[in-house]
Amino acid sequence: MELEKRTQDPNEVVTEYAKAIRKLIKRVNSEKNWTEKQKIHSFTKKLRTDLFYALWSLLVLKDNFTIDMAIKLVQQIEDNQKMHLGFILPVFAPAPVMASASQMAATFFAVQT
């Protein structure tokens, strides 16, 4: 029940949200019989909308996608958004070129294989 209600707060970073979701999955899935798709669904269904849509278009690229891969990819998307919005770079730095979702996925999957 608690897992169903857990949502990512607007200012909550992916790392903290993922940690909470993993803990809740572990509690609910005590027999460890959930598939990766079930875990990914629990992680993604209450992500911030911007992160959800960025990730969802990429989930279909791999059949053997795991929750670990989903979390890492969403962290990359979040980091890319922060850099693009200037949260990380100093004011005098030139604006970075935001990578497309497909570019991030290609880089991510190349590193994973």
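The values are calculated or read from the model by the stated rules, or taken from the named source; none is laboratory data. On a predicted model such as this, the values are computed, not experimentally measured, just so you know. Surface areas here come from the heavy atoms of the whole protein model, side chains and all, with no ligands, DNA or RNA. Shrake-Rupley method; radii C 1.70, N 1.55, O 1.52, S 1.80 Å.
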Subject >> Ranking by accessible area, most exposed first, for Thr49, Thr66 with a 1.4 Å probe >> reply: Thr49, Thr66
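Students sometimes get this wrong: rank Ser42, Ser57, Ser30 by accessible area, probe 1.4 Å, all chains present, largest first. The partial results should precede the final answer.
Numbers: Ser42 5, Ser57 65, Ser30 90 Å².
Largest to smallest exposure gives the sequence Ser30, Ser57, Ser42.
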**OP:** Would you kindly derive the ³J(HN,Hα) couplings of the stretch 48-56 from the backbone phi angles with the Karplus curve 6.51 cos²θ - 1.76 cosθ + 1.60 (θ = phi - 60°), listing them in order in whole Hz, with x for Gly and Pro?
**Re:** 3, 4, 4, 6, 4, 5, 5, 6, 4
**OP:** With a 1.4 Å probe and all protein chains in place, put Met83, Met69 in order of accessible area, largest first.
**Re:** Met83, Met69
